[in-house]
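To keep things clear, I will list the structure first and then write my remarks on it.
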Amino acid sequence: MNNSVAIIGTGATKKPGSNMVEKTFKELVVEASYEAINNAKIDPLLIDGATFSFTGEGEIGHGGIGATLVDSLGLAPIPAFLNTANCSSGSVSIIEGYNMILSGQYDAVLVCGFDKQTDIIPFENYMLMSTDVMYDYNLGISHIDAFMLADEYFKENKVSEQDAKNSLMYFAKLMRENAYHNPIATLYKEPMLPEEILSKMPFNGNVLIPGEGAAAMILASEEFANKYCDNPTFIKGVGFSTSSQYFGHQYHPELIQNKEEDKPQKTNMASGYSLSLACKQAYDSANIKPDDLDILGLYDMGVNPFISLEAAGICEKGTAYQYVLDGNINPNGKCPVNVDGGNIGRGHVAGAGGIYQVIEIVKQLQGKARGIQLDNKCSYGMSTVIGGYYATAVSIIIGTER
């Protein structure tokens, strides 16, 4: 079976690490979606399905969003689907759009992710400050786990305090340097913060900038792409795993024990095992290996970049901090990471974060990056995203060949 699905158009709002109080969520979705439609150079009425995503972290549901948005876009009455999966929401929508095309029932699908804190969609401000709100109580998650994750990762891998600090600082500075060149990024042309300020921030400055915005792409069948698009890229493989929102509630034996070892070993919250499963699925589907990747997009916050690099097979377990310090993830390194600045420099719209990552990979593969353009010709890139501390793990591989 040919599992290739074309990406024929992309669009995104600028400065996703800022609040867009002057715009509604519908206006942001229309802006990003029509940029993607215009980029694809197609009549919007050729789109026969849509899938939308937002974080979903809140106590208020918005069940009518899909219908409202397709009407706002002038695309009604096409079917619209919704995905809410924490910070991985946008990536889950990409997978849904991918499967919609593979089903043969759709020729062109709009995928769009968004978030609006100032419109209470969702209660993201409460979530970001959460330790004991209803969201935590209902789902069994506490965002303080992010700090526990860092302690456990460095302790388990016997990383010295100085190496931990240096690697976090290195990554934080690199993301800001990459974002400096990217006109979409929140920190575009912003001067670098001095190390003494970064060192006083959580994770030595390795923290995302939450905000509002939208990102979109048009997915299409190969037949449709051949008819309307000159330079498509293709989704070559995907991987997707889900579990509990809280590490202590992950009961599945594959998550509790790593059965690939001769002696089953109990994993812990820093293992990244669920993401490694998603990455393996994506590699198998695309029929490539980690060494084939030319660029990687990942969820950057705290030690997540280190865990994600290891889960993706880019480096051995427990070595990612050194891999980073050796310059391997720089734009001229072995495996450039988050060339657009990532969540730290570009900014983080939770419902669209994974879509922003894929857009950067698509632009790099096409040789049309808005910021830093990698020198080497890129053939394959991968986006990995986690939601709810590895409760939802997604991997998407993009390639230039059919």
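Any read-out appearing in this document is the output of simple, stated calculations on the displayed coordinates, not a laboratory observation. Note that the structure is a prediction, hence the values are computed from the model and not measured. Counting neighbours? That spans all protein chains shown, and the Cβs are built from the backbone with ideal geometry, glycine included.
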Requested in this report: Name the most mobile residue of D340, D115, D145, meaning the one with the largest mean-square fluctuation, in a Gaussian network model of the chain with Cα contacts below 10 Å.
Outcome: D145
**Report entry** Per-residue HN-Hα couplings for segment 147-157 [Karplus 6.51, -1.76, 1.60; θ = phi - 60°; Hz; x = Gly/Pro]
**Finding:** 6, 5, 4, 5, 4, 5, 4, 5, 5, 4, 9
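Given a Förster radius of 25 Å and the C-beta distance between M192 and K377 as r, what FRET efficiency does 1/(1 + (r/R0)^6) yield to the nearest 0.05? Don't jump to the answer; show the numbers that get you there.
Numbers: r = 30 Å, r/R0 = 1.19.
Once rounded, the FRET efficiency stands at 0.25.
Under the rule of -39500 (n - 2.57) per DSSP H run of 4 or more residues, summed and divided by the residues of the chain, what mean residue ellipticity at 222 nm is obtained, to the nearest 500 deg cm²/dmol? Working shown, then result.
Details: 15 runs with 142 residues, N = 402.
So the calculated ellipticity at 222 nm is -10000 deg cm²/dmol.
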Report task. Write out the trypsin sites (Lys or Arg not before Pro) in segment 143-232 meeting two conditions: DSSP loop, and at most 16 other Cβ atoms within 10 Å of their Cβ. Result -> K158, K189, K200
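Can you pick out the pairs among K165/K189; K155/K363; K26/K363; K200/K280; K41/K377; K200/K363 whose Cα atoms lie more than 32 Å from each other? Let's see the in-between values first.
On the way: K165/K189 26 Å; K155/K363 38 Å; K26/K363 25 Å; K200/K280 37 Å; K41/K377 25 Å; K200/K363 35 Å.
Cα-Cα > 32 Å for K155/K363; K200/K280; K200/K363; rest within.
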Report summary line: Fewest-first ordering of V207, V109 by Cβ atoms within 10 Å yields V207, V109
Query - Percentage relative contact order, the chain, counting C-alpha pairs under 8 Å, at least six apart - result: 26 percent
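Taking GluC sites (Glu not before Pro) as exposed when DSSP calls them loop (any state but H, G, I, E, B) and at most 14 other Cβ atoms lie within 10 Å, what is the longest stretch of the chain free of them, the sites themselves excluded?
Values: sites that count: E22, E59, E260, E261, E316, E401.
Looking at the chain, 60-259 is the longest stretch - no exposed GluC sites (Glu not before Pro) with at most 14 other Cβ atoms within 10 Å.
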Query raised in the report: Which percent of Cα-Cα pairs in the chain sits in each 10 Å bin, short to long?
Result: 5, 25, 35, 25, 8, 1
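Length gain on complete extension for the stretch T68 to K227, per 0.36 nm per residue less the alpha carbon to alpha carbon distance?
On the way: separation 159, 0.36 × 159 = 57.24 nm, distance 3.03 nm.
Extending this stretch completely gives an extra 54.2 nm.
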Query raised in the report: Shape of segment 281-380 from its Cα gyration tensor (a ≥ b ≥ c, root eigenvalues): rounded if a/c is under 1.5, otherwise prolate when a/b > b/c, or oblate?
Result: rounded
**Report entry** Estimated vicinal HN-Hα couplings, Hz - segment 358-373 in sequence order (Karplus 6.51, -1.76, 1.60; Gly, Pro = x)
**Finding:** 5, 4, 4, 5, 4, 5, 5, 5, 7, x, 10, 4, 7, x, 5, 9
Requested in this report: Specify whether the C-alpha gyration tensor of segment 137-217 places it in the rounded, prolate or oblate class, a ≥ b ≥ c being the square roots of the eigenvalues: rounded for a/c under 1.5, otherwise prolate if a/b is larger than b/c and oblate if not.
Outcome: oblate
Report summary line: Once amide hydrogens are built 1.01 Å from N within the peptide plane, the residues lying 5 or more places from A214 or on another chain with amide H under 5 Å from its amide H are T13
Query - Fully extended contour minus Cα-Cα distance, from L325 to E27, at 0.36 nm per residue - result: 103.1 nm
Report summary line: Note: S103 to K280 extended length (0.36 nm per residue) minus current alpha-carbon separation gives 61.4 nm
Report task. With a point put 7 Å past each Cα toward its Cβ, work out how far D292 is from K155 in nm, to one decimal. Result -> 4.0 nm
